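Structure record follows, encoded as structure tokens.
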Amino acid sequence: MSLLVVGLSHRSAPVSVLERASLDPGTRGKLLQDALAAEPATEATVLATCNRIELYADVDKFHAGVAELSTLLAQHSGVGLEELTPHLYVHYEDRAVHHLFSVACGLDSMVVGEGQILGQIKDALALGQETHTAGRLLNDLFQQALRVGKRAHSETGIDRAGQSLVTFGLEQLAASADVAGWVAGKRALVIGAGSMSSLAAATLARAGAGEIVVANRTPERAERLVRILTEPGGTGVAARAVAMASVGDELTRADIVVSCTGATGLVLTGVAVESAMAERTAPLALLDLAMPRDIDAAAHRLAGVRLVDIESLADASADAPMAADVDQVRGIVADEVAAFGAAQRAAHITPTVVALRTMAADVVTGEMARLEGRLPGLDDKQRAEITQTVRRVVDKLLHAPTVRVKQLAGEPGGAGYADALRTLFDLDPETVASVSRADVNDADLKNRGRV
């Protein structure tokens, strides 16, 4: 395993850099194709959220891999390499596994313990599978990360350590007031209909919003979100969908606006907010969860407007207390990293063991053919008995060393046992490689559609 991750997040880069380095969905696929075209990488996928961009790859050369992945991130993000490099972090092999598992558990999130990251990891794996850039290692890694994250949330109280960015953002807007009491009865405008916007709409509905208006560039998606909010047995909130062209009019009536779109430019300019405020007397609360930002930062200087965005959330979360359960989650991560590493190292030697047993079977077949030439009078029963006896001898001779070598290979530093086995038994490298390719193809077929 030569797993490498190169990335930047809210912990390593200012929001202004993260905002400019954001990757739209189309760019992510092109980034992965270019990563595989680069010599050091054989697998790749990208984890891109509002506060992190991380490129994961299986590489055969560490330094060349770091240089290539860093260059690709710079090229596809549009931020120059010299400017981007000081904000990049690099993790390799077990440290890379530890990092992803920590991310999956919410330990590295802006709001510690939030669970949205699991959906984003699932999306990263799906992208790698769709583009055929995620092979056996990344499929195993990301599926295990999802399991580790779910385990942390089910076995500990990490959920108490933090909430989603939506809840945290609403808490910041409400200041010292209770969120449910502050939201109750208010009119809310949600701009966007993706996962974050849907979560925002559901959160506002549960908190007792009087009305929710959904605006989206694709009307069908806005209408679908409205149907979910108003379906029987749902939240019971009054909701309606509007076109993006109607956002200006809705601003004059809304009390709370939550925006999270994939737009590359501003969705609400300072002028648009100022124009809306001129037609109203009530204060306006704005929550911008997009990266890059949807709402002009200048809006916070307008009288009666309160704006909370990713940057202010990052500042606020730095002072948030961590739950006692965080230590327990760290223990889970450490155990899972050790188990994953052992499993990968053990799997690395399996093709060599299979090749050894294949060679032994060929030897038995060859010797039985030679025996039949010397003893042509053997009947079927005698021939079968001799064949079975020879096979049992070979199996007994190989059993202990192959079981032991798998155990040793699973320990740290055990990768060399596969090389030793190939050398001692003079195994054909191509035979071993063919077994490895078969395993990869089987894993690829098994993993497709599992996310």
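Return the residues of the stretch 359-384 that are open to solvent by 60 Å² or more (accessible area, probe 1.4 Å) and under 16 Å from Phe425 (Cα atoms); say none if nothing qualifies.
Correct list: Met359, Asp362, Val363.
Closer than 24 Å to Leu313 by Cα, open to solvent by less than 10 Å² (accessible area, probe 1.4 Å) and touching a strand residue (DSSP E or B) at 6+ places or on another chain (Cβ under 8 Å): does that describe Leu141? Reasoning before the result, please.
Values: closer than 24 Å to Leu313 by Cα: no; open to solvent by less than 10 Å² (accessible area, probe 1.4 Å): yes; touching a strand residue (DSSP E or B) at 6+ places or on another chain (Cβ under 8 Å): yes.
It is false that Leu141 is closer than 24 Å to Leu313 by Cα, open to solvent by less than 10 Å² (accessible area, probe 1.4 Å) and touching a strand residue (DSSP E or B) at 6+ places or on another chain (Cβ under 8 Å).
Taking Ala177 as the residue in question, decide whether it is surrounded by fewer than 18 Cβ atoms within 10 Å (Cβ to Cβ) and more than 25 Å from Ala104 (Cα to Cα). First the steps, then the outcome.
Details: surrounded by fewer than 18 Cβ atoms within 10 Å (Cβ to Cβ): yes; more than 25 Å from Ala104 (Cα to Cα): yes.
Here the answer is yes, as Ala177 does meet what is asked.
Based on this model, can you work out whether Arg240 counts as assigned to a helix (DSSP H, G or I) and open to solvent by 60 Å² or more (accessible area, probe 1.4 Å)? Give the steps one after another, and end with the answer.
Working: assigned to a helix (DSSP H, G or I): no; open to solvent by 60 Å² or more (accessible area, probe 1.4 Å): yes.
No, not satisfied.
Anything in the stretch 265-281 that is over 17 Å from Ser197 (Cβ atoms) and either open to solvent by 40 Å² or more (accessible area, probe 1.4 Å) or part of a helix (DSSP H, G or I) (or both)? List them, or say none.
If the condition is that a residue be over 17 Å from Ser197 (Cβ atoms) and either open to solvent by 40 Å² or more (accessible area, probe 1.4 Å) or part of a helix (DSSP H, G or I) (or both), then Thr269, Gly270, Val271, Ala272, Val273, Glu274, Ser275, Ala276, Met277, Ala278, Glu279, Thr281 are the ones that fit.
Matching residues to (1) part of a strand (DSSP E or B); (2) out of contact with any Gly (no Cβ under 8 Å at 6 or more places or on another chain); (3) open to solvent by 30 Å² or more (accessible area, probe 1.4 Å); (4) within 20 Å of Arg136 (Cα to Cα):
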site: Leu18; (1), (2), (3), (4): no, yes, no, no
site: Ile53; (1), (2), (3), (4): yes, no, no, no
site: His63; (1), (2), (3), (4): no, yes, yes, no
site: Ala67; (1), (2), (3), (4): no, yes, yes, no
site: Thr71; (1), (2), (3), (4): no, yes, yes, no
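Residue-wise test of (1) closer than 21 Å to Gly304 by Cα; (2) aromatic (Phe, Trp, Tyr); (3) open to solvent by 20 Å² or more (accessible area, probe 1.4 Å).
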{"site": "Arg151", "(1), (2), (3)": "no, no, yes"}
{"site": "Asp159", "(1), (2), (3)": "no, no, yes"}
{"site": "Leu170", "(1), (2), (3)": "yes, no, no"}
{"site": "Trp182", "(1), (2), (3)": "yes, yes, yes"}
{"site": "Leu189", "(1), (2), (3)": "yes, no, no"}
{"site": "Ser198", "(1), (2), (3)": "no, no, yes"}
{"site": "Ala205", "(1), (2), (3)": "no, no, no"}
{"site": "Ala215", "(1), (2), (3)": "no, no, no"}
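Residue check, Glu114 against (1) closer than 21 Å to Leu165 by Cβ; (2) open to solvent by 10 Å² or more (accessible area, probe 1.4 Å); (3) touching a strand residue (DSSP E or B) at 6+ places or on another chain (Cβ under 8 Å), all met but one. Which one?
(3)
Mind checking which residues of the stretch 20-36 are open to solvent by 10 Å² or more (accessible area, probe 1.4 Å) and either at pLDDT below 90 or not in a helix (DSSP H, G or I) (or both)? Quick ask: steps written out before the conclusion?
Within the stretch 20-36, the first condition is being open to solvent by 10 Å² or more (accessible area, probe 1.4 Å), and the residues that meet it are 20, 22-30, 33-34, 36.
Matches in the stretch 20-36: Arg20, Ser22, Leu23, Asp24, Pro25, Gly26.
So that you can scan it fast, the table gives a plain yes or no per residue for (1) modelled with pLDDT under 75; (2) surrounded by 14 or more Cβ atoms within 10 Å (Cβ to Cβ); (3) in contact with a Phe, Trp or Tyr (Cβ under 8 Å, 6 or more places away or on another chain):
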residue: Ala355; (1), (2), (3): no, yes, no
residue: Ile386; (1), (2), (3): no, yes, no
residue: His399; (1), (2), (3): no, no, no
residue: Pro412; (1), (2), (3): yes, no, no
residue: Leu421; (1), (2), (3): no, yes, no
residue: Val432; (1), (2), (3): yes, yes, no
residue: Asp444; (1), (2), (3): yes, yes, no
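For the list (1) of a type in the set (A, V, I, L, M); (2) open to solvent by 30 Å² or more (accessible area, probe 1.4 Å); (3) in contact with a Lys or Arg (Cβ under 6 Å, 6 or more places away or on another chain), I need the number of the one condition that Val79 fails.
Val79 satisfies all of (1) of a type in the set (A, V, I, L, M); (2) open to solvent by 30 Å² or more (accessible area, probe 1.4 Å); (3) in contact with a Lys or Arg (Cβ under 6 Å, 6 or more places away or on another chain) except (2).
For Arg357, work out the one condition from (1) part of a helix (DSSP H, G or I); (2) of a type in the set (Lys, Arg); (3) under 29 Å from Leu107 (Cβ atoms) it doesn't fulfil.
Among (1) part of a helix (DSSP H, G or I); (2) of a type in the set (Lys, Arg); (3) under 29 Å from Leu107 (Cβ atoms), Arg357 violates only (3).
Would you check if Ser109 is among the polar types (S, T, N, Q), crowded, with 24+ Cβ neighbours inside 10 Å and touching a residue at least 40 places away in the same chain (Cβ under 8 Å)? Talk me through it step by step, then tell me what you get.
Numbers: among the polar types (S, T, N, Q): yes; crowded, with 24+ Cβ neighbours inside 10 Å: yes; touching a residue at least 40 places away in the same chain (Cβ under 8 Å): yes.
Against the criterion (among the polar types (S, T, N, Q), crowded, with 24+ Cβ neighbours inside 10 Å and touching a residue at least 40 places away in the same chain (Cβ under 8 Å)), Ser109 qualifies.
The values are calculated or read from the model by the stated rules, or taken from the named source; none is laboratory data. No experiment lies behind these values; they were computed from the predicted model shown. Here Cβ is always computed from backbone atoms with ideal geometry, including for glycine, and neighbour counts include all displayed protein chains. Surface accessibility is based on the protein's heavy atoms, side chains included, excluding ligands, DNA and RNA. Shrake-Rupley method; radii C 1.70, N 1.55, O 1.52, S 1.80 Å.
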